[in-house]
Amino acid sequence: MVITALARAKINLSLDIIRKRADGYHDLETVMQSIELYDRIEFRPDDREISLSAEGDAVPSGRDNLVCRAAEKLRTACSVQKGVQIRLIKNIPVGAGLGGGSSDAAAALLALNNMWQTGLTLEQLMKIGGQIGSDVPFCLLGGTAIARGRGELLEKLPPCPGMGLVLVKPPFAVSTASVYRAFSPAAVYKRPDNPALENAIRHSNINKIAKNLANVLEQVTIKMYPVIAEIKKKLVEAGAMAALMSGSGPTVFGLTADIESARAVAGRYSGFDGQVVLVTRTFNQEE
Ligand code: C5P
């Protein structure tokens, strides 16, 4: 039995940092949204070994890959004796702020829970996922949600209205840890108004969603890579309703009312060398 899974990327429609914690992490309040951009992963049963082959954008190989870490953790937690051959076909840009690695790990937990018949609940998988990365619990849940704590305390929100997205990934990756390290509450110029954003989502009001996009990490990453501010400006000039950096960056998304408008924005957008420009849309299971 071969299981094929789609691991969807996420964007942060908002990201606020509440406090720095004693364990070095930060307590967040972030509205997250799955998008219709995915890696494809195949899982083939193996008697003993966990192995990985990857195609597409360069990803860490072997044990360093989050997919392998997810498989190892589930195997240990449930005392499984079997292995798995994993084939990862990568479409989500790596080190981009789109949660690609976390989503791969989440897809592996779901697929292997099925293949190995370990019978864990979604909640139990989320606990294991949280040990792999802060975004993994959201990736297991998918759709639209607000995440608090390190990212593991999730409250599902009603689905966002279907919206178009133009993603621009500059030709470099960003270290999440270095962005969080450089964050200073004193330097924040715009904190998200999450209740207003939630309200806009509940009323499917795309204009208000666009008005309430905000991410306190944006200024930190822009200081390191000023080109991110240029990309935001160019996306709005090309017709996006608003543009925001996702997560710790460096990918910027421009928001449009629908996929046709996103295609038009991408057509008008003229960027910089080496950028990847992708047109996609938000994703909700319920649609
Ligand atoms: O959990 P994950 O391994 O994805 O986090 C990567 C890095 O991002 C952490 O090492 C930490 O520096 C930072 N981080 C944080 N607070 C969070 C999530 C991530 O400080 N809530």
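The values are calculated or read from the model by the stated rules, or taken from the named source; none is laboratory data. Values in this document were obtained by computation on a predicted structure and should not be read as measured data. Neighbour counts run over all protein chains shown; Cβ positions are idealised from the backbone, glycine included. Only protein heavy atoms, including side chains, enter the accessible area calculation; ligands, DNA and RNA are left aside. Shrake-Rupley method; radii C 1.70, N 1.55, O 1.52, S 1.80 Å.
For region 17-44: of the residues being of a type in the set (Ser, Thr, Tyr) and within 12 Å of the ligand (Cβ to nearest atom), which is nearest to ARG181 (Cα to Cα)? Walk me through it before giving the result.
If we filter region 17-44 for residues that are of a type in the set (Ser, Thr, Tyr), which is where we start, we get 25, 30, 34, 38.
With within 12 Å of the ligand (Cβ to nearest atom) added as a condition, the list becomes 25, 30.
Numbers: TYR25: 9, THR30: 18 Å.
Of everything passing the filter in region 17-44, TYR25 is nearest to ARG181 (Cα to Cα).
Any residue in region 256-277 that's over 14 Å from LEU235 (Cβ atoms): show its pairings with residues that are in a helix (DSSP H, G or I) at Cβ separation under 7 Å, as long as the two are six or more apart or on different chains.
ALA257/ILE206
Just to check your reading of the model, which residue among ALA173, ALA182 is within 16 Å of the ligand (Cβ to nearest atom), under 16 Å from the mean Cα position of the chain (by Cα) and more than 17 Å from GLN33 (Cβ to Cβ)?
ALA173
In region 1-10, is there at least one residue being modelled with pLDDT of 95 or more, touching a Leu at 6+ places or on another chain (Cβ under 8 Å), part of a strand (DSSP E or B) and open to solvent by 10 Å² or more (accessible area, probe 1.4 Å)?
yes
Output the residues belonging to region 55-85 that are polar (S, T, N, Q) and either open to solvent by less than 50 Å² (accessible area, probe 1.4 Å) or closer than 15 Å to PHE43 by Cα (or both).
Answer for region 55-85, where residues must be polar (S, T, N, Q) and either open to solvent by less than 50 Å² (accessible area, probe 1.4 Å) or closer than 15 Å to PHE43 by Cα (or both): ASN65, GLN85.
One line per residue, one yes/no per condition, for (1) closer than 26 Å to ALA187 by Cβ; (2) buried (at least 17 other Cβ atoms within 10 Å of the Cβ); (3) within 22 Å of the chain's Cα centre (by Cα); (4) β-branched (Val, Ile, Thr):
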| site | (1), (2), (3), (4) |
| --- | --- |
| LYS233 | yes, no, no, no |
| ALA238 | no, yes, no, no |
| MET245 | yes, yes, yes, no |
| VAL252 | yes, yes, yes, yes |
| ASP258 | no, no, yes, no |
| ARG263 | no, no, yes, no |
| PHE272 | yes, no, no, no |
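Would you pick out the residues in region 197-220 that are assigned to a helix (DSSP H, G or I), surrounded by 14 or more Cβ atoms within 10 Å (Cβ to Cβ), touching a residue at least 12 places away in the same chain (Cβ under 8 Å) and out of contact with any strand residue (DSSP E or B) (no Cβ under 6 Å at 6 or more places or on another chain)?
Here is the first cut: in region 197-220, the residues assigned to a helix (DSSP H, G or I) are 197-202, 206-211, 218-220.
Right, trim to surrounded by 14 or more Cβ atoms within 10 Å (Cβ to Cβ) and you get 197-201, 206, 208-211, 218-220.
So of that shortlist, the ones also touching a residue at least 12 places away in the same chain (Cβ under 8 Å) come out as 197-198, 200-201, 206, 208-211, 218-220.
Of everything in region 197-220, those that are assigned to a helix (DSSP H, G or I), surrounded by 14 or more Cβ atoms within 10 Å (Cβ to Cβ), touching a residue at least 12 places away in the same chain (Cβ under 8 Å) and out of contact with any strand residue (DSSP E or B) (no Cβ under 6 Å at 6 or more places or on another chain) turn out to be GLU198, ALA200, ILE201, ILE206, LYS208, ILE209, LYS211, GLN219, VAL220.
Can we say GLY151 is within 16 Å of the ligand (Cβ to nearest atom), modelled with pLDDT under 95 and not in a helix (DSSP H, G or I)?
Criteria not met by GLY151.
Away from the ligand (no atom under 16 Å from the Cβ), assigned to a helix (DSSP H, G or I) and more than 13 Å from the chain's Cα centre (by Cα): does that describe LEU88?
no
Test SER14 against the criterion of being in contact (Cβ under 8 Å) with a residue 12 or more places away in the chain, within 16 Å of the ligand (Cβ to nearest atom), closer than 27 Å to THR144 by Cα and open to solvent by less than 20 Å² (accessible area, probe 1.4 Å), and give yes or no.
For SER14, the condition - in contact (Cβ under 8 Å) with a residue 12 or more places away in the chain, within 16 Å of the ligand (Cβ to nearest atom), closer than 27 Å to THR144 by Cα and open to solvent by less than 20 Å² (accessible area, probe 1.4 Å) - is met.
Is it true that some residue in region 33-41 is more than 21 Å from the chain's Cα centre (by Cα) and open to solvent by 20 Å² or more (accessible area, probe 1.4 Å)? Don't jump to the end; show me each part of the working.
Kept after step one, since they are more than 21 Å from the chain's Cα centre (by Cα), are these residues of region 33-41: none.
Checking region 33-41: not a single residue is more than 21 Å from the chain's Cα centre (by Cα) and open to solvent by 20 Å² or more (accessible area, probe 1.4 Å).
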